[in-house]
Amino acid sequence: MGDEALRKDFEEAVARISGGQGGASDSDKLTLYGLYKQATVGACKDVPRPRGLFDFVGKAKWDAWHALGEMPPAEAMRAYIAHADTLVPRP
């Protein structure tokens, strides 16, 4: 799959998930968040973990992103698409 086709499929998967369709669990949402950040921003190497005592959501999101390590953005896009397909199948 070429870069352009991958980007198009990724954006379509993001739109499906953002549309609120399907019943994504909190775990699914964290997985998708981490993959989205990896695909669009890159590795979480220079972003400090949230330090707020009660920022449980921020820490969980950071952990999901950080766990992906140096995964290439294209691989993160493919993984996001595959995960989105299990939650909200393509029409």
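Could you compute the longest span of the chain free of trypsin sites (Lys or Arg not before Pro) located in DSSP loops and having at most 12 other Cβ atoms within 10 Å, not counting the site residues? Intermediate values should be presented prior to the final figure.
Details: sites that count: 45, 51.
Free of exposed loop sites, the longest segment is 1-44.
The angle between the Cα long axis of helix 73-87 and the longest principal axis of the Cα atoms of the chain comes to about 70 degrees, rounded to the nearest 10. Spin-label model, residue 56 to residue 5: label points 7 Å out along the Cα-to-beta-carbon direction sit 4.4 nm apart.
Translational diffusion coefficient, Stokes-Einstein: compute it for the chain using the Kirkwood radius over C-alpha pairs as Rh, at 4 °C and 1.567 mPa s, and state it as an integer in µm² s⁻¹.
Values: Rh = 13.6 Å.
Estimated via Stokes-Einstein, D reaches 95 µm²/s.
Please give the solvent-accessible surface of residue 63 in Å², to the nearest 10, using a probe radius of 1.4 Å with every protein chain present. Estimated to the nearest 10 Å², residue 63 gives 60 Å². The length gained on full extension between residue 46 and residue 18, counted as 0.36 nm times the residue separation minus their Cα-Cα distance, comes to 7.4 nm.
With an 8 Å Cα cut-off and a minimum separation of 6 or more residues, compute the relative contact order for the chain in percent. Working shown, then result.
Working: 85 pairs, mean separation 40.4, N = 91.
Dividing the mean separation by the residue count of the chain yields 44 percent.
Counting only aspartates and glutamates at least 8 places from residue 8 when in the same chain, those with an alpha carbon closer than 17 Å to its own are 75, 85.
Ignoring any ligand, DNA or RNA, what whole percent of the accessible area of the chain comes from carbon and sulfur when the probe is 1.4 angstrom? Within the chain, the accessible surface is 56 percent carbon and sulfur. Each residue was assigned an accessible area with a 1.4 Å probe, and for residue 85 the value is about 50 Å².
If you count only protein heavy atoms with a 1.4 Å probe, what accessible area per residue comes out for the chain, rounded to a whole Å²? Intermediate values should be presented prior to the final figure.
Details: 5800 Å² over 91 residues.
On a per-residue basis, 64 Å².
The values are calculated or read from the model by the stated rules, or taken from the named source; none is laboratory data. Being a predicted model, the structure only gives us computed values, none of them experimental. Note that each Cβ is placed from the backbone with ideal geometry, even for glycine, and that neighbours are counted across all protein chains shown. Surface accessibility is based on the protein's heavy atoms, side chains included, excluding ligands, DNA and RNA. Shrake-Rupley method; radii C 1.70, N 1.55, O 1.52, S 1.80 Å.
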